[in-house]
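Participant: Structure in structure tokens, see below.
The values are calculated or read from the model by the stated rules, or taken from the named source; none is laboratory data. Note that the coordinates shown come from a computational prediction; the quantities given were computed from them, not determined experimentally. Here Cβ is always computed from backbone atoms with ideal geometry, including for glycine, and neighbour counts include all displayed protein chains.
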Amino acid sequence: MNGESAEEVSSTVSGGIQYGPVLQGRDFINPTFVTSQAAAAPRALGQLPALVTGFTGREAELAQVAGLLNPAVGGGTVVVSAVAGLAGVGKTALAVHAGHAAREAGWYPGGVLFIDLHGYDHTPVQPGQALDALLRALGVPGEHIPEGAEAWARLYRSVLAQAGDPVLIIADNASAEAQVRLLLPGPGPHRVIITSRHTLAGLGARLLDVTVLDQAAAVALLDSALRVARPGDDRISSDPGIAGRLADTCGGLPLALQITAALLAADPALAARELADGLADEVRRLEALRYDDGGGISAPSVAAAFELSYRQLDEAAARLFRLLPVDRGPDVSTAAAGALAGWPPGQARTVLGRLMRAHIVEVGSSGAGRWRMHDLLRLYARQLYGTDAGEREQAMDRLLGYYLNGARAAHAHLRALKGAQVPAEFTGREDALAWLDAERPNLIATVAMAADTDRDQIAIRLPLYLSDYLHWRRRFDDCLTVLATSRDCARRQGHRAKEAAALNSLGSALAEVRRFEEAISAHQEAAAICRETGDRHHQGMALTTSVRRWGGCGGLRRRSAPSRKRWQSSGKHATGTAKARP
């Protein structure tokens, strides 16, 4: 310094992240710098796909997302991870429409980033690959992107932190939290929407579940999508009945509805009724719900969308998914699902939880403890279990045994006298009635399934256990259906005693719905079988039912003279009380 006092020297680099060399020093004496200015990396901040044609019926969901995207609502990152739902329900369409609306509102002048993570494809996008793509879209030159996912994530957060304006990031089609966790920016005005077929509850995110459309919205989607292609086409609007059939056949699933509209648009000569008739065939429905746009395996297809979800399931969840359609009821209890798979209810509940997180099952309409599947998913699962007949037959036997044992135990509770020993399956009469009420549709369907699959012994016995309950709840249509099945199967098997029991209960149900002539015939046929087999006790019970029901109430006097004479001659010596005999 030649005796001169040193002055303090400081230098600062400011103005954001710097790309390229930076020289810092006090004195540069006659330096010569040779530099080349690299072209600035392009910024790709307008990545939103086009709006989906025919998008409708999502006003409430759009309002919810809008409330989360509005930067004025509050700081911090809002991750809408449960723009979630089953395959084809329209999650991406909802996110894209929300993105367009947010951009038009001027909320994200910094731009909108969109990345498809292909979470359910054979080769999903890895977090590092996603970060690399997002950094390049933000204008970071490739030579300045470091190695390693964690380093990429730090740079990504830094770039966003120094961005002048809010940015919206849409990460579409994620399969797990790990695929998107590194894509979340730090605190600030930026927002993220993540769509997934799974509920990503581990991100600290706001969850939004997307469900199928109701019939009115589904019909509106069909009509709107068709008119986008052919503005004057009224094949949907001119026939509300057929439009409703198409909407119901598609189960309100937007992907299926879009494919249906595309099939109509591609063939102006195809009548909506003709298409509805073709889709009514359950065997071919999934095959028909595919539109060949030249994309090969990526062409719009309901079955293909379901397959991507199915491939993500673990072995136990996939097995239960294949077996659930064996139960023909509208939904299934946890215990019945366990019976299908041969598991205790606790294990079944755990696996059902994984299926629910994947939006393959949902909570049944009657609430917790019951589960249901979308109709098209059920068809897909049936196609899968059709490939293993042995597994299906074993599952059916376990399910039928579960329902038969439950009905037998409930029947015992309903018939038990005070202090009598009763099965341990239920805590009492009210518990047994609650189980029967919850399982009634499934039990009725089970009787038909047993008869259809030649499991006649169960088809004979199960209705006899249900008869008292169905009388008690005055479900006479169900009672007539199952008892007629029991009678027919007993007759086919030559089981005369059970045939007589079914006939006797059938006669009582027929009388309740005022089909008196048929009731007389059923009771008399039951008495004749008992007389033929030498069962005097139950013969008397059958005849006593006739006399008790008609002789003392004046009902018989309202019938014709031949009927009255036949009734009186058959029952004048009868005594006892009639009961169905399981």
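Participant: Provide a single number: the residues in region 444-501 that are outside any helix (DSSP H, G or I) and of a type in the set (Gly, Ala, Ser). So that I can check it myself, show each step before the final result.
Facilitator: Step one: list which residues in region 444-501 are outside any helix (DSSP H, G or I), which gives 453-455, 473-475, 494-495.
Narrowing the set further to residues that are of a type in the set (Gly, Ala, Ser) leaves 494.
Total satisfying the criteria: 1.
Listed here are the residues, each with its yes/no results for (1) among the aliphatic types (A, V, I, L, M); (2) exposed (fewer than 15 other Cβ atoms within 10 Å of the Cβ); (3) part of a strand (DSSP E or B).
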site: GLY54; (1), (2), (3): no, no, no
site: ALA66; (1), (2), (3): yes, no, no
site: THR92; (1), (2), (3): no, no, no
site: ALA98; (1), (2), (3): yes, no, no
site: ARG136; (1), (2), (3): no, no, no
site: GLU147; (1), (2), (3): no, yes, no
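Participant: Being surrounded by fewer than 19 Cβ atoms within 10 Å (Cβ to Cβ) and among the charged types (D, E, K, R) is the requirement here; does ASP116 meet it? Full working, then the answer.
Facilitator: Details: surrounded by fewer than 19 Cβ atoms within 10 Å (Cβ to Cβ): yes; among the charged types (D, E, K, R): yes.
Answer is yes for this residue.
Participant: Could you look through region 315-341, keep only residues that are over 16 Å from TYR385 (Cα atoms) and not small (Gly, Ala, Ser), and pick out the one that is farthest from the chain's Cα centre (by Cα)?
Facilitator: Filtering first and then ranking leaves THR334.
Participant: Please find, within region 252-280, the residue that is nearest to THR53 (Cα to Cα) out of those that are surrounded by 20 or more Cβ atoms within 10 Å (Cβ to Cβ) and of a type outside the set (A, V, I, L, M, F, W, C).
Facilitator: GLN258
Participant: On the basis of being at pLDDT below 95, farther than 25 Å from ALA368 by Cα and surrounded by 15 or more Cβ atoms within 10 Å (Cβ to Cβ), does ARG496 make the cut? Please lay out each step first, then the result.
Facilitator: Working: at pLDDT below 95: yes; farther than 25 Å from ALA368 by Cα: yes; surrounded by 15 or more Cβ atoms within 10 Å (Cβ to Cβ): yes.
For ARG496, the condition - at pLDDT below 95, farther than 25 Å from ALA368 by Cα and surrounded by 15 or more Cβ atoms within 10 Å (Cβ to Cβ) - is met.
Participant: Oh, and also: Is it fair to say VAL210 is outside the structural domain of VAL65 (by TED's automatic domain parsing), in contact with an Asp or Glu (Cβ under 7 Å, 6 or more places away or on another chain), surrounded by 18 or more Cβ atoms within 10 Å (Cβ to Cβ) and of a type outside the set (Lys, Arg)? Write out each step before concluding.
Facilitator: Working: outside the structural domain of VAL65 (by TED's automatic domain parsing): yes; in contact with an Asp or Glu (Cβ under 7 Å, 6 or more places away or on another chain): yes; surrounded by 18 or more Cβ atoms within 10 Å (Cβ to Cβ): yes; of a type outside the set (Lys, Arg): yes.
Yes: the conditions hold for VAL210.
Participant: Still on this structure, I have one more. ARG206 is checked against (1) among the basic types (Lys, Arg); (2) farther than 28 Å from ILE193 by Cα; (3) in contact (Cβ under 8 Å) with a residue 60 or more places away in the chain and fails just one. What number does that condition carry?
Facilitator: (2)
Participant: Filter region 100-134 down to the residues that are in contact with an Asp or Glu (Cβ under 7 Å, 6 or more places away or on another chain) and assigned to a loop (DSSP other than H, G, I, E, B) and list them by number.
Facilitator: Passing the criteria: PRO109, GLY110, LEU117.
Participant: Okay, moving on. Would you say ALA424 is farther than 30 Å from ALA280 by Cα, buried (at least 17 other Cβ atoms within 10 Å of the Cβ) and without any contact (Cβ under 8 Å) to a residue 24 or more places away in the chain?
Facilitator: On the way: farther than 30 Å from ALA280 by Cα: yes; buried (at least 17 other Cβ atoms within 10 Å of the Cβ): no; without any contact (Cβ under 8 Å) to a residue 24 or more places away in the chain: yes.
So ALA424 fails the test.
Participant: Here is a further query. Which members of region 249-262 meet the condition of being within 12 Å of SER301 (Cβ to Cβ) and more than 20 Å from the chain's Cα centre (by Cα)?
Facilitator: ALA262
Participant: Which residues, counting only those in region 294-324, are surrounded by 12 or more Cβ atoms within 10 Å (Cβ to Cβ) and not in a helix (DSSP H, G or I)? Write out each step before concluding.
Facilitator: Let us first name the residues in region 294-324 that are surrounded by 12 or more Cβ atoms within 10 Å (Cβ to Cβ), namely 299-310, 312-313, 316-324.
Scanning region 294-324 gives ALA299, PRO300, SER301, GLN312, LEU313.
Participant: Continuing with the same structure: What is the one condition in (1) under 29 Å from SER301 (Cα atoms); (2) touching a residue at least 40 places away in the same chain (Cβ under 8 Å); (3) surrounded by fewer than 17 Cβ atoms within 10 Å (Cβ to Cβ); (4) of a type outside the set (Phe, Trp, Tyr) that ALA381 does not satisfy?
Facilitator: Among (1) under 29 Å from SER301 (Cα atoms); (2) touching a residue at least 40 places away in the same chain (Cβ under 8 Å); (3) surrounded by fewer than 17 Cβ atoms within 10 Å (Cβ to Cβ); (4) of a type outside the set (Phe, Trp, Tyr), ALA381 violates only (3).
Participant: Also, quick follow-up: Within region 452-474, restricting attention to residues that are surrounded by 20 or more Cβ atoms within 10 Å (Cβ to Cβ) and of a type in the set (A, V, I, L, M, F, W, C), which residue is nearest to LEU340 (Cα to Cα)?
Facilitator: Taking the candidates together, the pick is ILE458.
Participant: Could you say which residue among ASP431, ASP437, ASP388 is among the acidic types (Asp, Glu), under 26 Å from the mean Cα position of the chain (by Cα) and modelled with pLDDT of 95 or more? Quick ask: steps written out before the conclusion?
Facilitator: Values: ASP431 fails: under 26 Å from the mean Cα position of the chain (by Cα); ASP388 fails: modelled with pLDDT of 95 or more.
Every option except ASP437 fails the conditions.
Participant: Report yes if some residue within region 220-229 is out of contact with any Gly (no Cβ under 9 Å at 6 or more places or on another chain) and surrounded by fewer than 22 Cβ atoms within 10 Å (Cβ to Cβ); otherwise report no. Walk me through it before giving the result.
Facilitator: So the first thing to find is which residues in region 220-229 are out of contact with any Gly (no Cβ under 9 Å at 6 or more places or on another chain), and the list is 229.
Within this subset, residues satisfying the condition of being surrounded by fewer than 22 Cβ atoms within 10 Å (Cβ to Cβ) are 229.
Yes, region 220-229 contains a residue that is out of contact with any Gly (no Cβ under 9 Å at 6 or more places or on another chain) and surrounded by fewer than 22 Cβ atoms within 10 Å (Cβ to Cβ).
Participant: Additional query: Across region 121-162, what is the total count of residues that are among the β-branched types (Val, Ile, Thr) and farther than 16 Å from VAL192 by Cβ?
Facilitator: Our first condition is that a residue be among the β-branched types (Val, Ile, Thr); within region 121-162, this holds for 123, 125, 140, 145, 159.
With the extra rule that they be farther than 16 Å from VAL192 by Cβ, the set shrinks to 123, 140, 145.
So the count comes out to 3.
Participant: Is it fair to say GLY367 is more than 23 Å from CYS250 (Cα to Cα) and without any contact (Cβ under 8 Å) to a residue 12 or more places away in the chain?
Facilitator: Working: more than 23 Å from CYS250 (Cα to Cα): yes; without any contact (Cβ under 8 Å) to a residue 12 or more places away in the chain: yes.
Considered against the rule, which asks whether it is more than 23 Å from CYS250 (Cα to Cα) and without any contact (Cβ under 8 Å) to a residue 12 or more places away in the chain, GLY367 comes out as yes.
Participant: Which residue pairs have Cβ atoms under 7 Å apart, sit 6 or more places apart or on different chains, and have a first residue in region 126-147 that is touching a residue at least 40 places away in the same chain (Cβ under 8 Å) and a second that is charged (D, E, K, R) and assigned to a helix (DSSP H, G or I)?
Facilitator: These pairs meet every condition: GLY142/ARG136.
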